[in-house]
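One structure is given here, and the rest of the page talks about it.
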Amino acid sequence: MGGTFDPIHYGHLRLAEEMAEALGLARVLFIPAGQPPHRGAPRTAAGHRLEMVRRAVAGNPRFLADDREVTHSRPSYTVDTLSDLRVELGDAQPLWLLLGADAFLDLPTWHEWRQLFSLSNIAVATRPGARALQPDALAEPLKTEVLPRLTKTGDTVGPAGAVRLHRMTPLDISATAIRATLGGRSSARYLLPDAVLGYIHEHQLYASP
């Protein structure tokens, strides 16, 4: 599971927990982006974002913070990260890329995005009533790639190539809103783990100038 995690919050953690349970995952790697190529530079330095992830996942034995994109000097392309993981895990190990709905719909803008399907399975968190994620509503070219790959809970999947849409518990929490809340000196408690919030306050990461 990748992202800028600027900061990581309960929406990220709940998505990972529900996906891990639904897919029977042995572990979930949280991989903060070092140099995200699809957006401007994150508000917070990569080292701080990695440490916030470490603190957020510390209490869950299935979760692990992975620093590979932070320590690389190259742009953080998901296809490269999955290629690295595939080398480590071998060709037979099932691997899932966990995505939110917005990221999934933007997939055709990603670097070498069609290769992702040969490297991993893809699980997409959906929300009730999200019409854009209905198979018959997907836009091209994503629709052509996804429709033959769709699977349901209980279907047998291989190491890569499957796509599964999974309805998540709706949590309307965003990193953007958290940064705005903290910048306005309002409370962000219960939007993210206390360990992360304490780190933010300790380092004054989102304080207004």
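The values are calculated or read from the model by the stated rules, or taken from the named source; none is laboratory data. Bear in mind that the values here come from a model prediction, so they are computed numbers and not experimental data. Positions of Cβ are backbone-derived with ideal geometry, glycine not excepted, and every protein chain shown enters the neighbour counts. Just so you know, the surface numbers come from the protein's heavy atoms only, side chains and all, with ligands and any DNA or RNA stripped out. Shrake-Rupley method; radii C 1.70, N 1.55, O 1.52, S 1.80 Å.
Structural remarks
- Cα centre as origin, Lys/Arg/Asp/Glu Cβ charges: the range 109-209 dipole, Debye: 200 debye
- A Gaussian network model of the chain, with springs between Cα atoms under 10 Å, assigns the largest mean-square fluctuation among Thr181, Thr153, Thr126 to Thr153.
- Cα centroid of the range 66-132 to Cα centroid of the range 172-209, whole Å: 27 Å
- Helix 46-57 axis, angle to the chain major axis (alpha carbon atoms, nearest 10°): 80 degrees
- Reduced Cα scattering model of the chain, Debye log10 I(q)/I(0), q = 0.12, 0.18 Å⁻¹: -0.63, -1.41
- Just the protein heavy atoms count here, and of the accessible area of the range 1-157 at 1.4 Å, carbon and sulfur take up 49 percent.
- For the chain, the longest principal axis of the C-alpha atoms and the axis of helix 194-203 are separated by about 50°.
- Using Cβ point charges alone (K and R +1, D and E -1), the dipole size of the range 22-130 about the Cα centre works out to roughly 340 debye.
- Hydrodynamic estimate: the Kirkwood radius of the range 1-97 over Cα pairs, inserted into Stokes-Einstein at 10 °C and 1.306 mPa s, corresponds to D of 114 µm²/s.
- In the full protein context, the chain carries 51 Å² of accessible surface per residue, based on a 1.4 Å probe and ignoring ligands, DNA and RNA.
- Ranked by solvent-accessible area (1.4 Å probe, protein heavy atoms only, all chains present), the residues Lys143, Lys152 order from largest to smallest as Lys152, Lys143.
- Nitroxide proxy distance, nm - points 7 Å out along Cα→Cβ at Asp106 and Gln204: 3.1 nm
- In degrees, nearest ten, helix 10-23 long axis to first principal axis of the chain (Cα): 30 degrees
- Note on the chain: GNM, Cα springs under 10 Å; of Ala45, Ala162, Ala16, the largest mean-square fluctuation is that of Ala45.
- Ellipticity at 222 nm from helices only: DSSP H runs of n ≥ 4 in the chain, each -39500 (n - 2.57), divided by the residue count, give -10000 deg cm²/dmol.
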